[in-house]
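Below is one structure, written out as structure tokens; comments come after it.
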Amino acid sequence: LDEGENTFIYTITNGSCVSSDTIIITRDILIEADAGADISLCQEDEVTLPSDDNGTWALVSGSADVNNTSSLTDPIAIITNIALGENQFSFTMTNGACVDTDYMTITRDSLVIANAGPDMEICDDYSTAIIAENVGVGTGTWSTPDSLPSIDNPNQAYTNVNALEAGENNFVWTVENGACVSTDTMKIIRYESVFLLAQPQTRTVIQGDTIMFIVEAEGDFTEFQWMKNGEELVDTLQISGATNDTLSISRISIDDAGTYTCIIRGICGDVYSNSAELFVDGGITIFPNPTSGELNIHISRLEESYTVRVYDATGRLVKADQSTHNRLLLDISDLRDGLYIVSLVLENQTINYKVVKD
């Protein structure tokens, strides 16, 4: 049989009588139906499928609306209101007596928003726990784009991370639900405590010199602050670097003698340097003046013992002490308020100072 119509005539002859009838056999060609590959959707509930002049789309199972129609040039099927889960569709090609059907599945998944939790800041620790929001559907997985950190249990929302680097460490929580993928990144910033590599040293200078106290620190810190006798320093014409790692004091006078310390303000806590004494050769410092009760007496380059005598305004000796140390704390809180003479009797000289007690 040829493709298409084939005509056959059946004739009966009886003497001079002849009768004929015709039959047509149409041979059609089977056109194979191809529904295409299965489709996975995330959230979207509408899809357009290619069709054919001889093809028809239909819903087999699940829930959706099927509209077999045509675009400006080609037949299409617009599938709308697709339900969550699996929905099966048939594509049927009809050519005369030939019918062929193929099936495809559209799976529509819901998006689960990943939540890796808040960013963290830690000090010194190389390990810590991270907690993502548990997923109701789908699967969650931890990963890191960084080279060193490791994750104990990547498939658990709550897990420990190790080998954290100084600075920023990134961890990505990925939630997959079929075709739906959501990610969220949390950061762990690891700060390091301050460690002093160099500290200021006690120095003795002569008046008019310039001196530098130096600290060297590593770790995470925000600033330096130098102090003298417990009081914060500020930059002046004579002092520079009060908030830097190097403190410079020029044109030194006796008043500059004292105890110098640097505070390094660290993110993980403040660190104090050791105390460096600045002695000014030949200098004697008595403070505070006026005083409410205690006097600090500092003597640079002391080699022998000395005597301290306190006289009231009438010249009467009211207190005396002796020391071999270049620092002496003299308590005059038991004396009445008023003017006193503090006399320092050294090996080769006696020096008197007026002190007010109030």
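The values are calculated or read from the model by the stated rules, or taken from the named source; none is laboratory data. Every value quoted in this text rests on a predicted model; they were computed, and no experiment measured them. Glycine also receives a Cβ, built like all others from the backbone with ideal geometry; neighbour counts cover every protein chain displayed. With ligands, DNA and RNA removed, areas are computed over all heavy atoms of the protein, side chains included. Shrake-Rupley method; radii C 1.70, N 1.55, O 1.52, S 1.80 Å.
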Give the residues of the range 158-211 that are in a strand (DSSP E or B) and under 30 Å from LEU278 (Cβ atoms), sorted by residue number. PHE195, LEU196, LEU197, ALA198, ARG203, THR204, VAL205, ILE211
Among the residues of the range 167-184, write down those that are of a type in the set (A, V, I, L, M), over 19 Å from ALA129 (Cβ atoms) and either surrounded by fewer than 18 Cβ atoms within 10 Å (Cβ to Cβ) or modelled with pLDDT under 95 (or both). ALA179, VAL181
List pairs: first in the range 220-234 and surrounded by fewer than 17 Cβ atoms within 10 Å (Cβ to Cβ), second modelled with pLDDT of 95 or more and among the aromatic types (Phe, Trp, Tyr), Cβ under 8 Å, 6+ apart or cross-chain? GLU232/TRP226
Which of the residues belonging to the range 83-99 are part of a strand (DSSP E or B) and among the small types (Gly, Ala, Ser)? GLY85, SER90
How many residues does the range 290-345 contain that are small (Gly, Ala, Ser), open to solvent by less than 20 Å² (accessible area, probe 1.4 Å) and under 22 Å from ASN229 (Cβ atoms)? 3
Quick one: is ILE211 within 30 Å of TYR260 (Cβ to Cβ) and open to solvent by less than 30 Å² (accessible area, probe 1.4 Å)? yes
Tell me, which residue of the range 59-117 that is of a type in the set (D, E, K, R) and in contact (Cβ under 8 Å) with a residue 40 or more places away in the chain is nearest to ALA157 (Cα to Cα)? ASP109
Would you confirm, using the coordinates I've provided, whether ILE23 is open to solvent by less than 50 Å² (accessible area, probe 1.4 Å), touching a Ser or Thr at 6+ places or on another chain (Cβ under 8 Å) and not small (Gly, Ala, Ser)? no
